Amino acid sequence: MYIKIIEPRVSETDGVGHINNTTIPIWFEAARHEIFKLFTPDLSFRNWRMIILHMDVDFVKQIYFGRNVEVRIWVKAIGTTSLELYEEIHQDHQLCAKGNAVYVNFDVETGKKERISDHIREDLENHLWMGEKKKDDAL
């Protein structure tokens, strides 16, 4: 599992007093940083490889300003050229949002998908999602 701690900002809080729902996909993306580095070690947009194909978010509980959140990301599936991520946001040890994202390994110069290399695949396999009964919700 990849973990990123985020401190909610005042600007992310809406008029109802909770973190705005448009912020959640941004936090999920922020937690994907280590995955992006696997595919593009220099993080250069000239060499960028990760193209998002799909993303969904389920809002489970409200998230509030003033209390850190923990974003957790697992690799749900690895295909030949793409991968699916399962993502969660927790605040106060409670699940607040969850979602999935699908990325393809893409060569921007050629405009074609590329096979995920064996060394990237091995690293991703260290973060496989084992399903509801296997992951540790007490973190």
Longest segment of the chain with no GluC sites (Glu not before Pro) in a DSSP loop having at most 11 other Cβ atoms within 10 Å? 1-108
Do me a favour and compute the ellipsoid semi-axes for segment 1-79 from its Cα gyration tensor, root of five times each eigenvalue, largest one first, whole Å. 26, 14, 12
Would you kindly find the accessible area of Val60, with a 1.4 Å probe and non-protein molecules such as ligands, DNA and RNA excluded, rounding to the nearest 10 Å²? 70
Using the Kirkwood formula over every pair of different C-alpha atoms, what hydrodynamic radius in Å results for the chain? 15.9
Among trypsin sites (Lys or Arg not before Pro) in segment 20-103, those in a DSSP loop whose Cβ has at most 12 other Cβ atoms within 10 Å are Arg67
How much accessible surface does Ile52 have with a 1.4 Å probe, in Å² rounded to 10? 80
Heavy atoms only, 1.4 Å probe, whole protein assembly: order Ser82, Ser11 by accessible area, highest first. Ser11, Ser82
The answer for the chain, accessible area per residue at 1.4 Å probe in Å², is 58
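The values are calculated or read from the model by the stated rules, or taken from the named source; none is laboratory data. Model, not experiment: these values are computed from the prediction. With ideal geometry, Cβ positions are generated from the backbone for all residues, glycine too; neighbour counts draw on all protein chains shown. In case anyone asks, the SASA skips ligands and DNA or RNA and just uses the protein heavy atoms, side chains included. Shrake-Rupley method; radii C 1.70, N 1.55, O 1.52, S 1.80 Å.
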